[in-house]
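K.L.:
Quick one: structure below, then a few questions.
The values are calculated or read from the model by the stated rules, or taken from the named source; none is laboratory data. As the structure is a prediction and not an experimental result, all values here were calculated from the model. Here the Cβ is made from the backbone with ideal geometry for all residues, glycine too, and neighbour counts use every protein chain on show.
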Amino acid sequence: MIYTIIYKDEVDMMGTLTFVSHRHDKNSAWVEFIEKYAKDGQSPVAIMPGNHLIYFAQDISFTQVA
């Protein structure tokens, strides 16, 4: 199962990581991120199944809206 995790680092910068979990279970994927993929200072904030795109306000350009 593919999961995308949103995490914060030690200076509160947010990031994402998409990975294939060994189990089809959100709880196992959360722990797998912490144990296998997280670098020092990174902690998970949210997890979602699949590979989704998320746009924040700063990603939107009103100059290109017709």
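K.L.:
Among the residues of region 22-50, which ones are part of a loop (DSSP other than H, G, I, E, B), modelled with pLDDT under 95, surrounded by 10 or more Cβ atoms within 10 Å (Cβ to Cβ) and not basic (Lys, Arg)?
P.N.:
22, 24, 25
K.L.:
Given the criteria touching a His at 6+ places or on another chain (Cβ under 7 Å) and surrounded by 10 or more Cβ atoms within 10 Å (Cβ to Cβ), does residue 4 qualify?
P.N.:
yes
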